[in-house]
Amino acid sequence: MTSASLNPASGPARRAVVAAAGAAGLAVALTACGGSDDDASGSSNSSAGAGTAGAAGTGGSSASTGGGAGGAALTTTAEIPQGGGKVFEDKKVVVVQPSAGQFKAFSSVCTHQGCAVKSIADGVINCPCHNSNFSITDGSVKSGPATKPLPEVQIKVSGDSITLA
């Protein structure tokens, strides 16, 4: 036997290949399963929590922190029923009209595990994943398992147009 036949071919060790494949699989799994009760629709909105600055609805708009593109046309006031609302999946926002002429917006991402809320009925924003319900008045939890309110999103009402602020 020669010394060349005792030395394995050069390249990554088997352990290194197996470890890299495992790490890549773990990264994919963690990305797909993200979200928890501590995750209130993303870290950028964590300060919104129970923020209700401007919640009085003067001028028909809500003033708080939130995501989305500023100034993007969202809908018209006629499209948002009094006591109800509409979910805008592409903008990750739900716009509601708790009382006549008062418009508010909240993140449409449930604070329980990050599912998208889907409907508004009887003054409640509903998440279909685990049946969490939120008030259209202030985004507070009406029934769990969610424990944190939906973060308020800033909108602007000008005439009959509602835009993200």
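The values are calculated or read from the model by the stated rules, or taken from the named source; none is laboratory data. Because the structure is predicted, anything quoted here is derived from the model rather than measured. Cβ: placed from backbone, ideal geometry, glycine included. Neighbour counts: every protein chain shown. Surface areas here come from the heavy atoms of the whole protein model, side chains and all, with no ligands, DNA or RNA. Shrake-Rupley method; radii C 1.70, N 1.55, O 1.52, S 1.80 Å.
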Point to revise | Filter pass, Ala100 being open to solvent by 50 Å² or more (accessible area, probe 1.4 Å) and out of contact with any helix residue (DSSP H, G or I) (no Cβ under 6 Å at 6 or more places or on another chain) | key: yes
Check your understanding: So is Val94 within 23 Å of Ser158 (Cα to Cα) and surrounded by 22 or more Cβ atoms within 10 Å (Cβ to Cβ) or not?
Key -> yes
Revision key, fill the gap. Within the range 144-165, restricting to residues that are polar (S, T, N, Q) and within 16 Å of Lys92 (Cβ to Cβ), the one that is surrounded by the fewest Cβ atoms within 10 Å (Cβ to Cβ) is Thr163
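Looking only at the range 133-143, filter to residues that are open to solvent by less than 20 Å² (accessible area, probe 1.4 Å) and over 14 Å from the mean Cα position of the chain (by Cα); which one of those is nearest to Val96 (Cα to Cα)?
Among residues in the range 133-143 that are open to solvent by less than 20 Å² (accessible area, probe 1.4 Å) and over 14 Å from the mean Cα position of the chain (by Cα), the one nearest to Val96 (Cα to Cα) is Ile136.
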